[in-house]
Amino acid sequence: MNALKILEIAGVVLWIIYLLLAVNEKIACWIFGILASCITIYNFYHGKLYSEAIVNVYYVGAGIYGWYYWAKQKKASGTNNTPVSKWTVKKHFFTYSLTIVAALLWGSFMHKNTDSPRPYIDSFTACFSFLTTFMEARKILTTWINWFCINIVLVYLQVDRGLPVYAGLSALFAFMSIIGFIKWRRSYMSLQPN
């Protein structure tokens, strides 16, 4: 087993720990997400998934922000967890529209300037991952719907680039997104007035 494969497996293990903690609204998830992102940057760069490598650089910063925000909101709310919230349809439409434009521009840039074999798919998953990570840090309920869609596409992309362990992780993430949505929805509903 070569060093790249060992790092791929280590990254996947850290991502699984992160996911289990995030689904259960545990603030420690961010520590494991930061560590997993650091390893994934290296692996995706070598797999020529440049946009996804860049997303993982962002994940490191988002992990720090998420950790800070969850701790701040937990303290402000006086509960054990940061409360789950919802965005309006208008806010979703606006942010999704901006994300699509950004993905098209980024994909065009990657197509012209890199050897990425799937620059547009890579850019769409990357741009929507940026948005969805921000939503997760803010504990927006529809985070999990986004992650489900992103991870289904990532399975294809990672298999295509010869990263089967990450493809398996993305498949697991897609499945766990369903569980995450159910748990976060339950948490959201428990804070709503009867």
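Would a scan of region 139-146 turn up a residue that is closer than 28 Å to Glu8 by Cα, in contact (Cβ under 8 Å) with a residue 60 or more places away in the chain, within 12 Å of the chain's Cα centre (by Cα) and surrounded by 16 or more Cβ atoms within 10 Å (Cβ to Cβ)?
no
List, please: which pairs have Cβ atoms under 6 Å, are six or more places apart or on different chains, and start with a residue in region 107-133 that is assigned to a helix (DSSP H, G or I) and end with one that is crowded, with 23+ Cβ neighbours inside 10 Å and among the acidic types (Asp, Glu)?
Close Cβ pairs (under 6 Å, with a partner that is crowded, with 23+ Cβ neighbours inside 10 Å and among the acidic types (Asp, Glu)) amount to Ala126/Glu52.
Any residue that is open to solvent by less than 40 Å² (accessible area, probe 1.4 Å), out of contact with any Leu (no Cβ under 8 Å at 6 or more places or on another chain), among the β-branched types (Val, Ile, Thr) and assigned to a helix (DSSP H, G or I) - is there at least one of those in region 74-85?
no
Restricted to region 43-73, and to residues that are open to solvent by less than 50 Å² (accessible area, probe 1.4 Å) and not in a helix (DSSP H, G or I), which residue is farthest from Ile150 (Cα to Cα)?
Filtering first and then ranking leaves Gly47.
If the requirement is being polar (S, T, N, Q), in contact with a Leu (Cβ under 6 Å, 6 or more places away or on another chain) and at pLDDT 90 or above, which of these qualifies: Thr125, Thr132, Thr143? Steps first, please.
Values: Thr132 fails: in contact with a Leu (Cβ under 6 Å, 6 or more places away or on another chain); Thr143 fails: in contact with a Leu (Cβ under 6 Å, 6 or more places away or on another chain).
One residue alone meets the criteria, Thr125.
Limited to region 152-168, what total is found for residues that are open to solvent by less than 10 Å² (accessible area, probe 1.4 Å) and under 17 Å from Ala36 (Cβ atoms)? Break it down into steps so the answer makes sense when it comes.
First, pick out the residues of region 152-168 that are open to solvent by less than 10 Å² (accessible area, probe 1.4 Å): 157-158, 166-167.
Still in the running and under 17 Å from Ala36 (Cβ atoms): 158, 166-167.
The total comes to 3.
The values are calculated or read from the model by the stated rules, or taken from the named source; none is laboratory data. Not measured: the values here are computed from a predicted model. Neighbour counts are summed over all protein chains in view; Cβ atoms, including those assigned to glycine, are modelled from backbone coordinates with ideal geometry. These area figures cover heavy atoms from the full protein model, side chains too; ligands, DNA and RNA do not enter into them. Shrake-Rupley method; radii C 1.70, N 1.55, O 1.52, S 1.80 Å.
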